[in-house]
Amino acid sequence: MGYEYAERSLLGTMMQENYLILDSGLQSDHFTTTVHKQIYNVMRELVLREKSVDYITMLLVGEAKELGGANYLAELRRFANPARFDEYKEFLIEQWKEQEKHVLLQQASQNNWSIEEIQQSFDKLQACETTSQTLSITDHLIRQHERPFQPLTKKKGTPTGLIDLDDVLDGFQDSEYIVIAGRPSMGKTDVLNHFALHAGNSGHLPIIFSLEMSRDTMIDRLLAATGEYNRLRMRNPYQYFSEQQKNSWLTAIGQLDNAKIHIDDRSGLKVREIKATARKLIKENPTKRPIIFIDYLQIICPEGSMENQTQAIGKISSELKTMAKEFNCPVLVLSQLSRAVEMRLDKHPIMSDLRDSGNIEQDADVVMFLYREDYYNTKDEPTHILEIQIAKNRNGPTETLTAHYDKRTGKLHDLGKRK
């Protein structure tokens with residue numbers, strides 16, 4: 001009975017989000033009941049004919065009796081649950097593979113298969129989940145024929161809004177998992193907002209998952225950085241804004257709106273829920289290249305029970321790297337540093353300072369540490385210098401860059417001084 005409800009949820013979700021019908025990689029054989037197999041086949045037929053999928057269009061294509069009846073189809077929408085789609089899909093595929101394994105073993109026993117025949121059958125079964133992918137490199141090689149004879153037209157990464165950082169990284173690259181780490185109050189969220197604003201203003205699709213701060217707080221921070229408003233004054237603009245600031249208010253709102261930033265501020269999200277939301281937004285904005293921001297790594301909820309926090313963070317980190325590859329976009333995640341930094345004379349972070357590090361160092365394509373001397377030397381006149389230390393760069397050099405950071409507004413500016 002559990003399988004049946006999982007299948008209803010998958011079908012209901014696909015009826016609600018039609019793009020999942022082909023994107024999911026599901027096949028009719030994965031479903032356990034004849035009715036569900038037929039429903040999926042009709043859905044697939046409609047999508048391939050570029051028709052919308054709902055219970056009315058399905059009844060026009062298929063026989064009502066074979067689809068469980070009009071009421072059954074209409075009820076499927078009640079079971080839709082996009083946030084758990086990936087979980088239910090994996091559950092269904094694993095269950096199907098387990099059944100197929102028993103069938104193969106039974107056939108092997110009845111027909112006295114050789115070990116080689118058994119191994120070949122299991123290899124085919126294991127490969128079933130990749131049948132929708134093209135694994136041959138021939139088509140790719142054909143497209144390479146003219147490469148030495150044509151000028152390079154390299155696809156640029158998502159701009160960072162900092163010239164020196166763009167020079168080193170060439171922007172944030174698709175499929176890369178990027179970790180930005182620092183001690184509390186070092187400016188991590190402001191750096192994230194800076195990157196999101198510049199990505200949006202460059203025509204990209206910034207998606208922020210703010211697991212710690214509320215949506216209202218994040219929007220206020222983005223407005224303060226956009227209009228260069230003191231955040232203390234933002235608490236009561238009517239009382240504390242100058243006339244000049246009030247006059248620029250609508251301009252700042254317009255500039256922020258043009259960035260088309262999306263913010264999900266639900267707390268306690270799991271990676272699969274982040275994926276479900278991101279997938280939906282990406283499908284709704286097909287002309288824009290996405291970039292995903294998460295604030296922050298250590299408060300993403302793990303799936304199931306883990307022995308310890310390090311194991312949980314390691315699993316989450318691996319899932320985020322997989323997500324970057326699956327969506328073919330940069331996934332930028334903030335991370336806390338351990339208190340070990342505070343115990344040293346030199347407070348500059350090192351890799352071992354990554355809190356609950358697990359697989360973070362191994363999985364990340366880029367690791368950047370944030371450091372401000374002002375954070376520790378509060379007695380001196382503030383320099384507003386933010387150091388961005390690129391501690392790992394899988395596809396380029398590691399360097400330390402500097403930017404001007406105004407903590408009052410959250411605004412970053414180029415300094416153009418590479419150390």
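Taken together, the values in this text are just the output of simple stated rules run on the coordinates, not laboratory data. Bear in mind that the values here come from a model prediction, so they are computed numbers and not experimental data. Cβ placement follows ideal geometry from the backbone for every residue including glycine, while neighbour counts extend to all protein chains displayed.
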>> Quick check on the exposure proxy: order Tyr296, Tyr72 from fewest to most C-beta atoms within 10 angstrom.
In response: Tyr72, Tyr296
> Sorted by average packing, counted as other Cβ atoms within 10 angstrom per residue and highest first, what order do 140-147, 99-106 take?
Replying inline: 99-106, 140-147
> Which of the pairs Lys321/Lys392; Lys37/Lys288; Lys101/Lys280; Lys315/Lys411; Lys156/Lys392; Lys51/Lys325 have their Cα atoms more than 27 Å apart in this structure?
Replying inline: Lys37/Lys288; Lys101/Lys280; Lys315/Lys411; Lys51/Lys325
> Taking amide hydrogens as modeled 1.01 Å from N in the peptide plane, which residues meet the under 5 Å criterion relative to Ala181, leaving out close sequence neighbours?
Replying inline: Ser335, Met368, Phe369, Leu370
> Among Leu20, Ala6, Pro397, which residue has its Cα positioned farthest towards the positive end of the charge dipole of the chain, with +1 placed on the Cβ of Lys and Arg, -1 on the Cβ of Asp and Glu, and the dipole taken about the Cα centre?
Replying inline: Pro397
>> With +1 on the Cβ of every Lys and Arg and -1 on the Cβ of every Asp and Glu, and nothing else charged, how large is the dipole of the stretch 2-130 about its Cα centre, in debye rounded to the nearest 20?
In response: 400
>> If you take every residue apart from Leu256 with its C-beta less than 12 Å away from the C-beta of Leu256, what net charge results, scoring Lys and Arg +1 and Asp and Glu -1?
In response: 0
>> With a cap of 16 neighbouring Cβ atoms within 10 Å, and only residues DSSP puts in a loop, list the GluC sites (Glu not before Pro) found in the stretch 234-339.
In response: Glu303, Glu307
>> Please list 3J(HN,Hα) in residue order for the stretch 13-21, calculated via the Karplus relation 6.51 cos²θ - 1.76 cosθ + 1.60 where θ = phi - 60°; whole Hz, with x for glycine and proline.
In response: 5, 5, 5, 7, 10, 4, 4, 5, 4
> Calculated from the structure, Rg and Dmax of the Cα atoms in Å equals which of (1) 20.4, 60; (2) 25.6, 88; (3) 21.4, 63?
Replying inline: (2)
> Using modelled amide H (1.01 Å from N, peptide plane; none on Pro or chain starts), what sits under 5 Å from the amide H of Phe172, excluding residues fewer than 5 places away?
Replying inline: Thr158, Thr160
> Among residues other than Asp265 whose Cβ falls under 14 Å from its Cβ, what is the net charge (Lys/Arg +1, Asp/Glu -1)?
Replying inline: -3
> Amide H to amide H, which residues 5 or more places from Lys411 or on other chains are under 5 Å from it, using H placed in the peptide plane?
Replying inline: Asp406
>> Just to confirm a number: summing +1 for Lys and Arg and -1 for Asp and Glu over residues other than Val35 whose beta-carbon lies under 13 angstrom from that of Val35, what do you get?
In response: -2
> Taking the Cα centre of the chain as origin and charging only Cβ (+1 Lys, Arg; -1 Asp, Glu), how large is the dipole, in debye to the nearest 20?
Replying inline: 960
>> From the phi angles alone, apply the Karplus equation (6.51, -1.76, 1.60; θ = phi - 60°) to the stretch 75-82 and give each ³J(HN,Hα) in whole Hz, x where the residue is Gly or Pro.
In response: 6, 4, 4, 5, 8, 4, 8, x
>> I need the peptides 377-386, 82-91 ranked by packing, meaning the mean over residues of other C-beta atoms within 10 angstrom, with the highest value on top.
In response: 82-91, 377-386
> Just how far, in whole angstrom, is the stretch 247-281 from the stretch 20-71 if you go by their alpha carbon centroids?
Replying inline: 33
